[in-house]
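The values are calculated or read from the model by the stated rules, or taken from the named source; none is laboratory data. Nothing here was measured: the structure is a model prediction, and the numbers come from that model. Cβ placement follows ideal geometry from the backbone for every residue including glycine, while neighbour counts extend to all protein chains displayed. Remember, those area values only see protein heavy atoms, side chains included, never the ligands or the DNA or RNA. Shrake-Rupley method; radii C 1.70, N 1.55, O 1.52, S 1.80 Å.
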Amino acid sequence: MRYALCSMRSEATDALCAMRYAPCAMRERITKSMKQELKRIEQEALDAIKVVSGLTEVKTLKARYIGRKGVVTTLLRRISSLPPEERPDTGRLANEVRKRLEEAFEKALQAFEADRGEIPAVALDVTLPGRPLARGRLHPITQMTQAICEVFQRLGFEIVEGPDVELDYYNFEALNIPRDHPARDMHDTFYISENIVLRTHTSPIQIRVMESQSPPVRIIAPGKAYRVDYDISHTPMFYQVEGLMVQENISFGDLKGILTTLVHQIFDEETSLRFRPSFFPFTEPSAEVDIQCVICRGAGCRVCSHTGWLEVLGAGMVHPAVFEMVGYDTERYSGFAFGMGIERIAMLKYGIEDIRRFYENDLRFLEQF
Amino acid sequence: MKVSLSWLKDYVTIDVDVVKLAEALTMVGLEVDALVDRYAYLDRVVVGHIVEIAPHSNAHTLSVCRVDVGNGIRPVVCGATNIKQGDLVPIALPGAQLPSGHTIQVGEIRGQVSEGMLCSEAELAVGTDSSGILLLPGTATPGIGVAAALGLSDTIIEFDLTPNRSDCLSVIGIAREVAAILKTSLRYPRLKLPPGETPIEKITSVIIESPDHCPRYAARVVLDVQIGESPSWLQERLHSVGLRAINNVVDVTNFVLMEMGQPLHAFDFDRLAEHRIVVRTAREGQAFTTLDGAERTLNSDMLMICDGKGPVALAGIMGGLESEIEDDTRSALIESAYFDPITIRRTAKRLGVNTESSYRFERGVDPDGITKALDRAAQLMVETAGGKLASGVIDNYPRPIPERVIEVSVKRTNRLLGSRLNQEEVISYLKSVELNVAPLDKDRLRVVAPTFRVDIERPEDLMEEVARLRGYDQIPTTHPLSHVVASPQDKKLECRSRLREILTGCGFSEIVTYSFIGKDACNKLLLPDNDPRRQMVSILNPLTEDQAVMRTSLVPGLLATMYRNSTQRNEDLRIFELGKIFLSPPTADRDELPEEVQMISGLWTGARYDRTWHLKGEKVDFYDIKGIVDSVCAGLNIKGLRYTPLDSPGFPYLRLGHTAEVYAGDELLGAVGELTHEVLQNFELKQPAYCFDLNFDRLVHCMTEKKRARPISRFPATTRDVALIVDDAIEAQGVLDYIDGLGEELIGRVEIFDVYKGPPISRGKKSLALRFTYRSYERSLTDSEVNRIHETMTQKVLKQFNAQLPRRSA
């Protein structure tokens, strides 16, 4: 298309140039050829209009032929230089050509304006894939962590972090889990030395924060945790999010409220929650939080072991022994803490069956998120 | 912990459906894991009607029965002699698995087809009689399940108990909670000790040499017992919770263990040297064989039960082989003790044993339940094994466990829970689980925790009791009232989210790999011996060798991911990881934590663009990955960014001459370049790969927020191009920096638009084509003015870099 336009233009200009610089002896021949040239130009223009593909192109084409400096217009101006006997005929022809071309252009313009689009004369195969700009994905765990943290940030919680390699003191003792306590059986711990462990949960961050700041405290702490475990639902490294809120007059009812908000925002408003008594050495009362099975909506299925419920969170009111450890006034302050496994939530939300997929980093898996 | 519904019913009246009960138990904190039909194994054992019985043609001890099983008649070969035509008997159909483990199949016995097996009581584990086929009552209908025909129905309730509730490690403990839920009362077993004859003090003694490890030890002796099989009711109870019957004396101790939660041990009294008990710690290195036949090496922290000569039991964990109750045992000494939980736990952990007994002692048994359980066992032993009870009891209690008295305020309880309970309600919840409660005033209560509730120590523990018995679902859901305080945006978090945005925008996908890697990772990366990254933090108990140390670089994770994807034919990768590396502290202080440094590293391999119909698979190169680092640094608004050829020893895994170090001013941010062939080979990779490895913490440090808008010139710009022939070694950046340093105000920008080597340019030289854009903020520049400045600039550059202009072709 573009090639056609260019070649046409050059032929028309060649004709003009030839005329302008032609010696006088050749004039007659030129006059004759001017009539032929007019006819040829008309035909060319009409052909060009047929294959033109857009409004702008029609306008350009129109300007080139019958615009103020157009080929036909210029020829018309040159008629005065012809021998007088030639002028009427040539002039008539030229005007006719211009009129016909005007009509043709007008028609084409109208057609395009009505279409406001492209003519399918040389249609593209629009089903061929577009040229993709590569789009990277965030790891599903990052996406899930961000979603959870954002809910709490909207609630005014601050994001904090702590070390992965942690002192036994922060991971256990300050959380009211002394050495030789049976509750240590709940954590299969990786040891670096007698007093250093890979943190088994994100809860030590609670202690580090409370040691460094006085109430009120409102934090959300995402991070990696480690336990000696590997199967379809356990990996030796996994992610948790820990939450802590401490101030005057925080109640168990408030804990229920905050976690209900979380579940409703992450899943949906119809997802019901169930709080049941449990045991964590660093909370009292302690609760295990179940959500209604997101797969079967509580009817009972394989995912929820036919109970209709899925365990997703551990929570409770901060144990006074923990407050004593960090020097908080147990008479004045109360607070709640909770923790949840990110993979578990992501698995439920995205329908992932094997937790190990998260750490294989197969692109075919990552690209789904 | 497992209990059977039938056993529970001995102590509490249960008039609700077991599914409802299980749900209610879960909701008071005793999580029910499963409800199991105890007789599910009898599913394929049905009532059969013997319609015909005839001798086996090939075996005179066998007979062939034709048995109506409801939906047809089946031939069965049988060896029993107590059956006749017309009898109703249990028949195990093909596919049935009997408690012995035997699976019934259609078979041929001496040429005769047999399609099932007629069973005895013992074979079905519904009784102890194994003398003949079980004869069913005449009212049973052929074809119905044998469990139904015998009226057998029971459910095993399996609990996943939390470690604080040791009081529920017994049938009575669970029954107590059931009674509280159903608002009914608990029926304790009636104790009726037979009169004793010989006073116990005359025949034995107990000396506690380690009272800290053993605060209480009680014993009774039963003389002249007759060891034998337990009565069927006792066997039945043990079977119902999955325990095997052994003999009447041992069965009694196991029964009381399950019933009351107190582990007991029965010694063969006559095999105790000097007929006495000494409780003391073991000698270091001493060997001892427990009754499972394992020889164990002891240390001086382990508590032993000894006789006059030496150890006879690993206290609270397992008895010894030598003093076990055997068929010829005449007299038994029953031990009921309270051992220190920590002592038992340490010993059990060290020896790697976990028994029903150690499990309970570790969590704390009821110190006041010691003598009750002892009496209960003595009574049952005399009832089931005969014999005479020695009169009296030995009860050494050198370290009394103090009573726990707790004051709790109803107001504070409501405040913590967010509830509105009155004092009366609180009292009734606490009393329902046998807590001794008395009001002190209108608000406060005085509570004496029962000795079996070792978990109740503080007012909050009582508040939890109230909450769980009330039901967590009955506590109103509220929202906390709080001061509005906005914390400032954390720079690290800000940087992290910007990096993730930039890199995903550049087509890089995030990966997350384990923080631990194999010890050989440093060798694979060719790190020199003195590289600080070789000082790795080791895990004492890794799961596998390739997860034995904490990573000191993210690069092995990227390469392992590349390998994994290449095996899946994902050959075009653009990936990054944002995570910590762990550097060992230089000092030898054992309690110092490693330095955790955050890194951001990425890898690009394979195609430059996603493969598609219009592209012919161009490969990624150095300038592609460098462009990513450019984007990252631009996105973080890092000032003074510059690249220098690889020089420092920090990146031996990157290819010399194809790698740049990345600086912001004088701060080294990291490197970007191509991975060496050797490193790729070490990770079994064949395809070239490019990587950037940047220190996140330094990026955060160099990230700037300040952005000030500059006015945009209203006047047109003019460009001038110049090609410089320079030495190949001249770095482009140097040329640009030089021009920048000249400080010509009218230069808007200078860019390199072409680099060319080859004819007609002579060897060792290259052509560097620069485009200068000139622009003023005040006026339109004239051609001549621009030409003049451009000429000056060109001359300066030519001189500075000893460059030439290309020879013009005619």
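Can you tell me how segment B:682-727 classifies by the Cα gyration tensor, rounded, prolate or oblate, using a/c under 1.5 as the rounded cut? Could you put the intermediate results ahead of the total?
On the way: a/c = 3.52, a/b = 1.42, b/c = 2.48.
Taking the square roots of the gyration eigenvalues as a ≥ b ≥ c, segment B:682-727 is oblate.
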Gap separating the Cα centres of segment B:518-592 and segment B:611-671, nearest whole Å: 22
Please compute P(r) over all alpha-carbon pairs of the protein assembly as shown, binned at 20 Å starting from zero, and give each bin as a whole-number percent. 9, 25, 27, 19, 11, 7, 2, 0, 0
Please label the shape of segment A:149-204 as rounded, prolate or oblate, based on the square roots a ≥ b ≥ c of the eigenvalues of the alpha-carbon gyration tensor (a/c under 1.5 means rounded; beyond that, a/b larger than b/c means prolate, else oblate). prolate
Take the alpha-carbon centre of segment A:226-260, take the same for segment B:179-220, and report the distance between them in whole Å. 43
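Quick one: if you take sqrt(5λ) for each eigenvalue of the C-alpha gyration tensor of chain A, what semi-axes come out, biggest first, whole angstrom?
Working: eigenvalues 1470, 86, 77 Å².
So the equivalent ellipsoid measures 86, 21, 20 Å along its semi-axes.
Roll a 1.4 angstrom probe over the protein heavy atoms and tell me the percent of accessible area of segment A:286-339 that is carbon or sulfur. It would help to have the intermediate numbers written out before the result.
Numbers: 930 of 2000 Å².
Roughly 46 percent of what the probe reaches on segment A:286-339 is carbon or sulfur.
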Alpha-carbon centroids, segment B:19-87 and segment B:763-796: separation in whole Å: 103
For segment A:346-357, what does the Karplus curve 6.51 cos²θ - 1.76 cosθ + 1.60, with θ = phi - 60°, yield as ³J(HN,Hα) per residue in whole Hz, taken in order and with x for Gly and Pro? 5, 4, 5, 5, 9, x, 9, 8, 10, 4, 5, 3
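If the limit is 32 Å between Cα atoms, which of A:LYS349/B:LYS183; B:LYS619/B:LYS765; B:LYS619/B:LYS757; B:LYS491/B:LYS626 go over it? All intermediate terms of the calculation are to be shown ahead of the outcome.
Details: A:LYS349/B:LYS183 40 Å; B:LYS619/B:LYS765 27 Å; B:LYS619/B:LYS757 21 Å; B:LYS491/B:LYS626 25 Å.
Where the Cα-Cα span goes over 32 Å, the pairs concerned are A:LYS349/B:LYS183.
If you roll a 1.4 Å probe over segment B:524-583 with all protein chains in place, what percent of the accessible area is carbon or sulfur?
On the way: 1150 of 2420 Å².
On segment B:524-583, the fraction of accessible area on carbon and sulfur atoms equals 47 percent.
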Selected from A:GLU248, A:GLU42, A:GLU211 as most flexible by GNM, with chain A as the system and alpha-carbon contacts under 10 Å: A:GLU42
So what is the diffusion coefficient of segment B:593-659 in µm² per second by Stokes-Einstein at 25 °C and 0.890 mPa s, using a Kirkwood Rh over Cα pairs? 166
With only helices counted (DSSP H, runs n ≥ 4, each -39500 (n - 2.57)), the per-residue ellipticity at 222 nm for chain B, to the nearest 500, works out to -7500 deg cm²/dmol
Which of the residues in segment B:478-504 show a loss of at least 40 Å² in accessible area from their chain by itself to the complete set of protein chains, at a probe of 1.4 Å? B:THR478, B:HIS479, B:PRO480, B:SER482, B:SER487, B:LEU493, B:ARG500, B:THR504
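When the dipole is taken about the Cα centre of segment B:695-738, and only Lys, Arg (+1) and Asp, Glu (-1) are charged at their Cβ, what size is it in debye, to the nearest 20?
So the dipole magnitude of segment B:695-738 works out to roughly 620 debye.
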To the nearest 100 Å², how much accessible surface do chains A and B hide from each other in total, with a 1.4 Å probe? 7300
Per the Debye formula with a single identical scatterer at each Cα and no solvent contribution, what log10 I(q)/I(0) holds for chain B at q = 0.09 Å⁻¹? -1.04
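For B:ARG611 and B:LEU805, FRET efficiency with R0 = 56 Å and r from the beta-carbon atoms, rounded to 0.05? It would help to have the intermediate numbers written out before the result.
Working: r = 42 Å, r/R0 = 0.76.
Approximately 0.85, to the nearest 0.05.
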5 angstrom amide H check on B:ALA689, placed H, neighbours 5+ away: B:LEU675
Can you work out the Karplus-derived ³J(HN,Hα) for every residue in segment B:453-462? Use 6.51 cos²θ - 1.76 cosθ + 1.60 with θ = phi - 60°, whole Hz, and x for glycine or proline. 9, 5, 7, 9, 10, 10, x, 4, 5, 6
Sorted by chain and number, the residues with a modelled amide H under 5 Å from that of A:THR189, at a separation of 5 or more or across chains, are A:VAL228
Where only alpha carbons of segment B:213-350 are counted, the Rg and the Dmax (Å): 14.9, 45
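Over segment B:351-417, with every protein chain in place, what whole percent of the accessible area is carbon and sulfur at 1.4 Å, could you tell me?
Working: 1330 of 2730 Å².
Carbon and sulfur: 49 percent of the exposed surface of segment B:351-417.
Using a probe radius of 1.4 Å on heavy atoms only, what accessible surface per residue do you get for the protein assembly as shown? Whole Å² is fine.
On a per-residue basis, 47 Å².
Only Lys, Arg, Asp and Glu count, each charged at its Cβ (+1, +1, -1, -1), so figure out the dipole size of segment A:197-292 about its Cα centre, rounded to 20 debye.
In debye, rounded to 20, segment A:197-292 gives about 320.
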Among A:PHE157, A:ALA147, A:PRO132, pick out the residue whose Cα is farthest towards the positive end of the charge dipole of segment A:118-203, where Lys and Arg carry +1 and Asp and Glu carry -1 on C-beta, about the Cα centre. A:PRO132
Calculated FRET efficiency for the pair B:ARG412/B:ALA34, C-beta based, R₀ 30 Å, to 0.05: 0.20
Burial of 50 Å² or greater, segment A:269-285 residues [accessible area, probe 1.4 Å, versus chain by itself]: A:ARG274, A:ARG276, A:PRO277, A:PHE279, A:GLU284, A:PRO285
Please give the helix B:555-567 orientation as an angle from the longest Cα principal axis of chain B, in degrees from 0 to 90, rounded to the nearest 10. 80
Rounded to whole Hz and in sequence order, give me ³J(HN,Hα) for segment A:288-303 from the Karplus expression 6.51 cos²θ - 1.76 cosθ + 1.60, θ = phi - 60°, writing x for Gly and Pro. 10, 10, 9, 10, 4, 4, 7, 7, 9, 6, x, 6, x, 8, 5, 4
What are the extents of the Cα atoms of segment B:364-457 along their three principal axes, in Å, largest first? 58, 29, 21
What is the Cα radius of gyration of segment B:392-504 over 2.2 N^0.38 Å, N being its residue count? 1.76
For B:SER120, which sequence-distant residues (separation of 5 or more, or a different chain) have an amide H within less than 5 Å of its own amide H, given hydrogens modelled in the peptide plane? B:LEU134
